[in-house]
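Quick notes on the structure that follows.
Any read-out appearing in this document is the output of simple, stated calculations on the displayed coordinates, not a laboratory observation. Model, not experiment: these values are computed from the prediction. Neighbour counts run over all protein chains shown; Cβ positions are idealised from the backbone, glycine included.
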Amino acid sequence: LLILGILGSAAKDSRTRDGLAALGSRARRKGADFEIIDLAVEFRGHHDIDDYDVPIPTGQTAAARHRVSTAEALILATPVYHGSYSGLLKNFLDHLTGDAFAGRAVAILANGGGPRSAGTACDQLRAVVRAISGWSVPTHIATTGSDFCDGEPSAFIAGRMEALVDELLAFGRAQRLDDGMRRHEED
Ligand SMILES: Cc1cc2nc3c(=O)[nH]c(=O)nc-3n(C[C@H](O)[C@H](O)[C@H](O)COP(=O)(O)O)c2cc1C
């Protein structure tokens, strides 16, 4: 099962990145494949509305849609900026169509400077996931800098990460089973 982590922080030293990497290593330990899209490196351009309806095959819109289509589950990871998720992440999501996350489980992680700001960004992202037809898993990861030590999450956050990855994998496996049954019925 391929899980795609989408990193919405451009900071070189980023707790959001640490959190996403910690989720990825747990997913791999449980048998999944995990890839990161580092948006500040791979998708730096502004989304182009003229390329939205019929994207040119070599453009950024087509590339964004292709990367998302390869994933069986996704993790959206964002810093908290001005009380919300980052523009870098929203810019990427604005390349996608309204059914981009259909049939896929989506997990949300946010890291803020303040101790209680990240939960709000997670809830706001939940509404965005719904708008592009994704299935948000119930557990989200809302952290601040002191939840990490040398890049590793605290025991409490690590426990939530285990739960989140289990939810992603359970949904992904159920989807695979469902797809298989559908194909069997069609044959
Ligand atoms: C433009 C900007 C706006 C920010 N606004 C908030 C905010 O509203 N609430 C908050 O708790 N932290 C805020 N912060 C602090 C970041 O959330 C904090 O630096 C966090 O560590 C970012 O995650 P990162 O380590 O992955 O870059 C802001 C930072 C920037 C650069």
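Between D13 and R44, what length comes free when the chain is fully extended (0.36 nm per residue of separation minus the Cα-Cα distance, one decimal in nm)?
On the way: separation 31, 0.36 × 31 = 11.16 nm, distance 1.82 nm.
Length gained, D13 through R44: 9.3 nm.
Pick from L164, L76, L39: which is most flexible by mean-square fluctuation in a GNM of the chain where alpha carbon atoms under 10 Å apart are linked?
Looking only at L164, L76, L39, the biggest GNM fluctuation is shown by L39.
What is the distance in Å between the Cα centres of the stretch 42-72 and the stretch 1-19?
19 Å
Of all beta bridges DSSP finds with both residues in the stretch 1-130, what is the antiparallel percent, to the nearest 5? Provide the component values of the computation, followed by the final result.
Details: 1 of 19 bridges.
Counting DSSP beta bridges with both partners in the stretch 1-130, the antiparallel share is about 5 percent.
Out of the DSSP beta bridges found with both residues in the stretch 53-187, what percent are antiparallel (nearest 5)? Walk me through the numbers before you get to the answer.
On the way: 3 of 16 bridges.
Within the stretch 53-187, antiparallel bridges account for around 20 percent of the total.
Just how large is the dipole of the chain about the Cα centre, in debye to the nearest 20, putting +1 at every Lys and Arg Cβ and -1 at every Asp and Glu Cβ? Please report the intermediate quantities before stating the final value.
Working: 20 positive and 25 negative charges, 97 e Å.
Using Cβ point charges on Lys, Arg, Asp and Glu, the chain gives about 460 debye.
What is the Cα coordinate range of the chain on the first, second and third principal axes, sorted by size from largest, in whole angstrom?
For the chain, the Cα spread along each principal axis is 53, 39, 24 Å.
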